[in-house]
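Report on the structure given below.
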Amino acid sequence: MTSAIADLSLTELTELHSNLRAEYDELASRGLKLDLTRGKPSPAQLDLSNALLTLPGAGQYRDEAGTDLRNYGGAQGLRELRAIFSDALRVPVPQLLALSNASLNIMHDVVVHALLHGLPGVGRPWCAEETVSFLCPVPGYDRHFSICEHLGIRMIPVDMTDAGPDIAQIEQLLADDPSIRGIWCVPMHSNPTGAIYSEEVARALVSLPAAPDFRIFWDNAYGVHHIWDEHTPPDIVSLCEKAGNPDRIFYYFSTSKINFPGGGIGLVASSADNIKRMKAHLAMQTIGLDKVIQLRTVKFFDGKAENIRAHMRKVAELLRPRFELVLNSLEREFKGLDILCWTAPLGGYFISVETMPGCAKAIVAMAKDAGVVLTGAGATWPHGQDPADTNIRLAPTVPTLEELEQTMQLFTLCVKLASIDKLLTQQ
Ligand code: PLP
């Protein structure tokens, strides 16, 4: 196929369909069992962090100040751990908390605390409002949307661009709708499009007029996950301060995609007032963190932020060929056909594709029938409902290159078949 599929005659389309169907049936008969659903590290990537299994090491349980870390206490995280990430994230240590095993629970708790207790500078908790709404750049991360759904927060989709969410839309929505209290942002190698937020977008987000308890949920989950060149996200905490809105930011990070997912450290940075309030809430939730686990992370990076970058370069070596394989396959199969567009991320864990309207669900179902499980179509939209049924998230980090080759062979066939099916019904 070299010309746009939509230009083919009915006879040509029907013939093409039956040839592709034969290829699909042959692949389906091979009994494939492949999974591209979630962004997880491959076993080889996990192996890069195996030193954690024996750290901090026998007899190692004191921090720099000599405190016994086996006991209660230390609700804001080890100072030396926060120092490493303060450097990597460009946030001052006193404004950074290193908490439990991951970051999503911190995001969840911040929303719950705002609902129940309100936020600094505002007397009313969010639950006193008739409606609380969040702006949700789409396609986006399903679990951000699940938090909103679970806690009864209305979600308003906002278009994503290559440089972050569409600021003109956000400005209009903020001006028209006083119920808006938050926005989800994945500023670096965004899930799933791979967008990197521009300085201009960040400056607009921190300064647009909004409710005093409007917060940016800046989830920098892929902040150091560069597959090609290194990039630095906008320095959002300082930008908020300079814009006179220091409290507008909650900046999240974790080591889930650096070391062991769910088995590392979740971090949050914010203004001095927000952090003070968070610490008061945390004091009600725990008497102390697992500081021995924190110590193992300090030792793994030998206390230096530059070692995070060195580790991530090794991760990139594993991810780069996988991303190249997927991108080359999309380029080879779809260039000039006008039935699929895709993003070419410079890092992170995902590639996002846009199909012809009304095809995404059919493609995912067809792939599943042949043994390849993809992230559910719609997962990247609030309530799992992609109105145009076009977005599919590909997560190529786990399969081997051989498995990915087979997956892409099948996926590209499914896209072509579903697109032709759609065109045939429109004839
Ligand atoms: N944020 C984003 C954007 C993610 O893609 C993920 C995992 O896929 C997470 C957060 C989860 O992070 P954690 O394991 O720290 O909860």
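Per 0.36 nm of contour for each residue apart, how much would the distance between residue 162 and residue 307 grow if the chain were fully extended, relative to their Cα-Cα spacing?
Length difference between fully extended and current span is 49.3 nm.
Ordering 104, 16 from largest to smallest accessible area (1.4 angstrom probe), what's the sequence?
Result of the area sort, largest leading: 104, 16.
Show log10 I(q)/I(0) for region 100-160 at q = 0.13, 0.14, 0.20, 0.24 Å⁻¹, two decimals, from a solvent-free Debye sum over equal Cα scatterers.
-0.37, -0.43, -0.83, -1.05
For every helix of n ≥ 4 consecutive DSSP H residues, a contribution of -39,500 (n - 2.57) applies; sum these over the chain, divide by its total residues, and give [θ] at 222 nm rounded to the nearest 500 deg cm²/dmol.
About -13000 deg cm²/dmol.
Checking a compactness column here: for region 61-302, what do you get for Rg(Cα) / (2.2 N^0.38 Å), N being the number of residues?
0.98
Leaving out ligands, DNA and RNA but keeping every protein chain, what accessible area does residue 402 have, in Å² rounded to the nearest 10, with a 1.4 Å probe?
140
For the chain, find the longest principal axis of its Cα atoms and tell me its angle to the long axis of helix 10-28, 0 to 90°, nearest 10.
60
For residue 74, which sequence-distant residues (separation of 5 or more, or a different chain) have an amide H within less than 5 Å of its own amide H, given hydrogens modelled in the peptide plane?
Long-range HN contacts for residue 74: none found.
How do the peptides 236-242, 163-169 rank, highest first, by the average count of neighbouring beta carbon atoms within 10 Å per residue?
Those peptides, ordered most packed to least, come out 236-242, 163-169.
Amide H of residue 249: which non-local residues (sequence gap of 5 or more, or other chain) have their own amide H closer than 5 Å, using H built in the peptide plane?
Amide H neighbours of residue 249: 216, 271.
For the chain, with all protein chains present and a 1.4 Å probe, just round the carbon and sulfur fraction of the accessible area to a whole percent.
51
Averaged per residue, what accessible area in Å² does the chain show with a 1.4 Å probe, protein chains only?
Heavy-atom accessible area per residue stands at 42 Å².
Using all Cα-Cα distances in region 78-120, what percent lands in each 10 angstrom bin from 0 up to the longest?
27, 40, 31, 2
Top mean-square fluctuation among 131, 297, 355, Gaussian network model of the chain, C-alpha springs under 10 Å?
131
With a 1.4 Å probe and all protein chains in place, put 38, 79 in order of accessible area, largest first.
Accessible-area ranking of 38, 79, largest first: 79, 38.
What is the P(r) of region 134-239, as percent of Cα-Cα pairs per 10 Å bin from 0?
Whole-percent P(r) values from 0 Å outward: 15, 51, 30, 4, 0.
Between residue 426 and residue 176, what FRET efficiency follows from the Cβ-Cβ distance if R0 is 35 Å, with the result rounded to 0.05?
0.45
In Å³ and rounded to a whole number, note down the convex hull volume per residue for the Cα atoms of region 21-74.
163
In 20 Å bins starting at 0, how do the alpha-carbon pair distances of the chain split up by percent?
Histogramming the chain at 20 Å steps yields 25, 52, 21, 2 percent.
Relative contact order, percent, of the chain when contacts are C-alpha pairs under 8 Å separated by at least 6 residues?
About 26 percent, as a whole number.
Taking the inverse of the average 1/r across all pairs of different Cα atoms in region 268-338, what Kirkwood radius in Å do you get?
Kirkwood hydrodynamic radius for region 268-338: 16.8 Å.
Tell me the angle of helix 272-285 to the major Cα principal axis of the chain, expressed in degrees between 0 and 90 and rounded to the nearest ten.
Orientation of helix 272-285: about 90 degrees from the principal axis.
Select from 371, 123, 263 the residue whose mean-square fluctuation is largest in a Gaussian network model of the chain (Cα-Cα springs shorter than 10 Å).
Its mean-square fluctuation being the largest, the pick is 123.
The values are calculated or read from the model by the stated rules, or taken from the named source; none is laboratory data. Everything quoted here is computed from the prediction, not taken from an experiment. Here the Cβ is made from the backbone with ideal geometry for all residues, glycine too, and neighbour counts use every protein chain on show. These area figures cover heavy atoms from the full protein model, side chains too; ligands, DNA and RNA do not enter into them. Shrake-Rupley method; radii C 1.70, N 1.55, O 1.52, S 1.80 Å.
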